[in-house]
1. When Gly43 is evaluated against the numbered criteria (1) farther than 20 Å from Asn83 by Cα; (2) touching a helix residue (DSSP H, G or I) at 6+ places or on another chain (Cβ under 6 Å), which criterion, by number, is the only one it fails?
2. Output the residue which, of all residues in segment 6-46 that are in contact with an Asp or Glu (Cβ under 9 Å, 6 or more places away or on another chain) and not aliphatic (A, V, I, L, M), is surrounded by the fewest Cβ atoms within 10 Å (Cβ to Cβ).
3. Report, by residue number, each residue of segment 47-67 that is more than 13 Å from Leu8 (Cβ to Cβ), surrounded by 13 or more Cβ atoms within 10 Å (Cβ to Cβ) and of a type outside the set (A, V, I, L, M, F, W, C).
Amino acid sequence: MIVPIIFLLIMSWLFIIFGMIAIFRLKNLYTRILSAATIDTVGSLTVLIALLLSRITEFDYVLRFLMLIGFLLITSPISSHVNIRSAFLTGVDIRRIESETAKQRRKEEEEDLYA
């Protein structure tokens, strides 16, 4: 019984690691929020399912974990939607997020092009 639990925990850490890499690699704010929501949902679900399997014989723990899983499935999409909607309503541009050095370099290239 311990092998599936360890497998689920390893899978959750892989989801979390790949999701964190995706957050840093993606340039769009909206795709970053989507990646963070995916990390939150999938990583947390696999950890909770592993914990559920570890306490499968105790009914009160199973009930608590099932309630946590249900709460997570309901609130995670709502919270990511609220974050994306607030970013949209405040006028965050969908275009790529650039660092200050990239903005300066692009500005210099545009000045050289028009000069």
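Each reported figure results from applying straightforward, stated rules to the coordinates on display, with no laboratory input. Computed from a predicted structure; not experimentally measured. So basically every Cβ, Gly included, is an ideal-geometry build from the backbone, and we count neighbours across all protein chains shown.
1. Unmet condition: (1).
2. At the first step, the residues of segment 6-46 found to be in contact with an Asp or Glu (Cβ under 9 Å, 6 or more places away or on another chain) are 19, 27, 29.
Pick out the ones that are also not aliphatic (A, V, I, L, M) and you get 19, 27.
On the way: Gly19: 18, Lys27: 10.
By that ranking, first place goes to Lys27.
3. Arg55, Tyr61, Arg64
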